[in-house]
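Contents: one structure, followed by commentary.
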Amino acid sequence: MTQPTFDYIIVGAGSAGCVLANRLTANGRHRVLLLESGPKDNYLWIHIPIGYGKTMFNPAYNWGFYTDPDPHMHNRRIYWPRGRCLGGSSSINGLIYVRGQPEDYDRWASLGNRGWGWKDVLPYFIRSEHNTRGASEYHGDRGPQWCSDIRERHELMEAIIRGAQELGVPRNDDFNGPTQEGVGYYQLFTRNGWRCSAAVGYLHPARKRANLRVETDAHVTRILFEGTRAVGVRYRQGGELREARAAREVLLCAGALQSPQLLQLSGVGPAGLLRSFGIPVVKDLPGVGENLQDHLQLRLIYKVTKPITTNDELRTLWGRIRIGLKWLVFRTGPLAIGINQGGLFTRVLPESKTPDIQFHFATLSADMAGGEPHPWSGCTFSVCQLRPESRGYVRIRSTDPMEPPSMQPNCLSAEADQRCAVAAVKFARRLARTAALKPYIAEEYRPGPAAVSDEDLLEFAREYGATIFHPSGTCKMGSDPMAVVDERLRVRGLAGLRVVDCSIMPTLVSGNTHAPVVMIAEKASDMILEDAAAR
């Protein structure tokens with residue numbers, strides 16, 4: 001078996017892996033191998049924003065995981081899409097640009113993670129960003145990751161904004177500016193009407209570099225160790241097992257579900273779990289796979305009085321032709337937006353000092369995210385709790401690297417999360433009843449008028465709640481006994497191995513996760529190069 005040697009091997013070409021591949025090869029000094037389990041990102045619907053609906057259940061580009069039956073959600077198995085191609089989940093996500101709150105990162109720092117406070121990470125957000133609004137105190141305009149405004153204003157979204165203002169929520173034209181609280185339009189990771197994934201922004205411009213090698217359809221099955229040092233990986237490609245050596249480091253960027261799985265398969269994780277499958281223990285790290293967190297979305301669906309929704313445009317041949325021409329000629333309209341146009345951040349729990357819920361407003365409705373639109377005019381108020389207290393886990397269920405691990409989110413297991421879910425639904429209903437929305441809302445389709453009491457609303461959350469696709473925390477950064485990586489993202493007790501993805505988050509950020517994981521990788525690239533220069 002041939003073993004080519006590289007300085008760095010990156011496992012996973014998702015949001016973080018693409019950033020590292022670009023930054024680590026920029027100076028020309030380091031040879032980098034990037035391994036992606038899925039195919040290239042040459043499917044047209046990846047790049048057209050509304051193609052979110054085309055990739056949501058496409059097994060060629062989406063792992064399509066399901067959780068274990070969740071005892072707190074009526075034992076339902078909840079669908080968990082994860083990107084499986086160059087760009088990873090940034091190639092199939094909802095394109096929403098939200099960094100989170102400064103307090104999220106200051107909390108990370110307070111947990112013993114020096115260098116991860118807001119003032120430390122803001123420069124990396126700015127460095128990554130090419131904002132069409134231009135550079136400012138909060139934004140950059142020279143980075144690879146394009147962030148664009150939604151150029152058209154939608155009648156229904158404008159009514160939602162006015163309705164929120166009736167409830168005391170201020171209009172906010174920049175959720176990534178001085179304050180997150182407010183209501184307004186999202187910025188999207190798009191460029192001239194096309195998706196700007198991490199592959200588009202970071203990886204494709206670097207592909208011509210002689211010191212970068214990218215392998216697709218290459219599924220890493222094991223990290224190779226010599227003693228307690230990671231020295232390479234084994235991967236399956238084209239029906240064959242191959243190996244590659246890392247002279248400096250293996251960088252694990254497989255995401256919060258598969259990074260802990262690969263660590264466990266490689267002998268790094270809870271010793272009892274590993275021994276139960278006959279896996280030799282390289283390092284007993286009980287926190288690998290624990291601390292799983294995600295945003296649980298509750299989707300209130302309304303029938304709309306006017307034929308102004310995306311449901312209406314998609315329902316007829318002429319409507320589909322019209323929105324297609326609009327995108328082809330102007331790069332605007334539903335094809336350029338995806339699903340969600342606007343957002344709202346506010347507080348519903350008395351103990352919260354910063355926004356504790358987030359809305360994604362869609363001028364479209366379907367029984368589940370990415371599903372077939374309803375045959376009537378509809379919209380969706382999707383609301384999630386920003387900082388859930390419920391914790392789950394990811395654990396291997398066999399030694400087969402192709403078998404998905406056991407994934408148990410334990411949604412709504414915490415009492416605070418239950419209170420927040422009920423309060424969030426109540427707020428959504430108050431919004432739908434405002435004077436501004438009265439001319440537009442015909443009736444509540446879900447949860448429906450029969451759901452009245454707090455118990456009814458919590459039952460709705462358990463019966464219909466679903467992930468908003470932000471799993472995090474399973475290889476958390478810190479210094480406590482359950483921490484997996486240190487503040488430089490090095491796996492504790494091992495050499496030559498780092499984790500760089502959402503799994504390192506000690507606590508989930510208050511918003512969407514693509515921008516934060518790009519920031520994490522930007523910061524990690526500096527630390528990796530600093531450590532290389534110091535040797």
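The values are calculated or read from the model by the stated rules, or taken from the named source; none is laboratory data. Owing to the predicted nature of the structure, the values given are computational and were not obtained by experimental measurement. Every residue, glycine as well, gets a Cβ built from its backbone with ideal geometry; the counts of neighbours run over all protein chains shown. What goes into the accessible areas is simple: the full protein's heavy atoms, side chains included, and nothing from ligands, DNA or RNA. Shrake-Rupley method; radii C 1.70, N 1.55, O 1.52, S 1.80 Å.
Residues that are open to solvent by less than 10 Å² (accessible area, probe 1.4 Å), part of a helix (DSSP H, G or I) and touching a Pro at 6+ places or on another chain (Cβ under 7 Å) within region 231-282 comprise Ala256, Leu257, Leu265, listed in sequence order. The residue pairs whose first member lies in region 396-419 and is more than 15 Å from Asp356 (Cβ to Cβ) and touching a residue at least 12 places away in the same chain (Cβ under 8 Å), whose second member is among the aromatic types (Phe, Trp, Tyr) and assigned to a loop (DSSP other than H, G, I, E, B), and whose beta carbons are closer than 9 Å, counting only pairs six or more residues apart or on different chains, are Ile396/Phe277; Ser398/Phe277; Thr399/Phe277; Pro404/Trp63. Taken as a whole, the condition of being in a loop (DSSP other than H, G, I, E, B) and open to solvent by 20 Å² or more (accessible area, probe 1.4 Å) applies to Pro481.
You will find that of Arg151, Arg133, Arg142, the residue that is open to solvent by 50 Å² or more (accessible area, probe 1.4 Å), at pLDDT below 95 and farther than 30 Å from Tyr464 by Cβ is Arg151 and no other. Looking across region 154-175, the residues that are in a loop (DSSP other than H, G, I, E, B) and either of a type in the set (Lys, Arg) or buried (at least 22 other Cβ atoms within 10 Å of the Cβ) (or both) come down to Val169, Phe175.
Of these, Pro350, Pro355, Pro373, Pro404, which one is touching a Leu at 6+ places or on another chain (Cβ under 7 Å) and at pLDDT 95 or above? First the steps, then the outcome.
On the way: Pro350 fails: touching a Leu at 6+ places or on another chain (Cβ under 7 Å); Pro373 fails: at pLDDT 95 or above; Pro404 fails: touching a Leu at 6+ places or on another chain (Cβ under 7 Å).
Just a single option satisfies the conditions, and that option is Pro355.
For the residues Ala428, Ala436, Ala442, the requirement of being open to solvent by less than 10 Å² (accessible area, probe 1.4 Å) and small (Gly, Ala, Ser) singles out Ala428.
From Val200, Val214, Val220, grab the single residue that is within 29 Å of Gly493 (Cβ to Cβ) and at pLDDT 95 or above. Lay out the reasoning, then the answer.
Values: Val200 fails: within 29 Å of Gly493 (Cβ to Cβ); Val214 fails: within 29 Å of Gly493 (Cβ to Cβ).
Result of the check over Val200, Val214, Val220: Val220.
So that you can scan it fast, the table gives a plain yes or no per residue for (1) outside any helix (DSSP H, G or I); (2) touching a residue at least 12 places away in the same chain (Cβ under 8 Å); (3) among the aromatic types (Phe, Trp, Tyr); (4) farther than 21 Å from Ala21 by Cβ:
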residue	(1), (2), (3), (4)
Ser90	no, yes, no, no
Gly94	yes, yes, no, yes
Gly100	yes, yes, no, yes
Glu103	no, yes, no, yes
Arg107	no, yes, no, yes
Asn113	yes, yes, no, yes
His130	yes, yes, no, no
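Does region 335-344 contain at least one residue that is on the phi > 0 side of the Ramachandran plot, in a loop (DSSP other than H, G, I, E, B) and not acidic (Asp, Glu)? So far as region 335-344 goes, yes, one or more of its residues are on the phi > 0 side of the Ramachandran plot, in a loop (DSSP other than H, G, I, E, B) and not acidic (Asp, Glu). Total residues in region 440-472 satisfying the condition of being β-branched (Val, Ile, Thr), more than 30 Å from Cys502 (Cα to Cα) and part of a strand (DSSP E or B): the figure is 1. Looking at region 364-378, is at least one residue outside any strand (DSSP E or B) and at positive phi? Within region 364-378, one or more residues are outside any strand (DSSP E or B) and at positive phi.
Among the residues in region 320-340, are any in contact with a His (Cβ under 7 Å, 6 or more places away or on another chain), open to solvent by 10 Å² or more (accessible area, probe 1.4 Å) and in contact (Cβ under 8 Å) with a residue 12 or more places away in the chain?
yes
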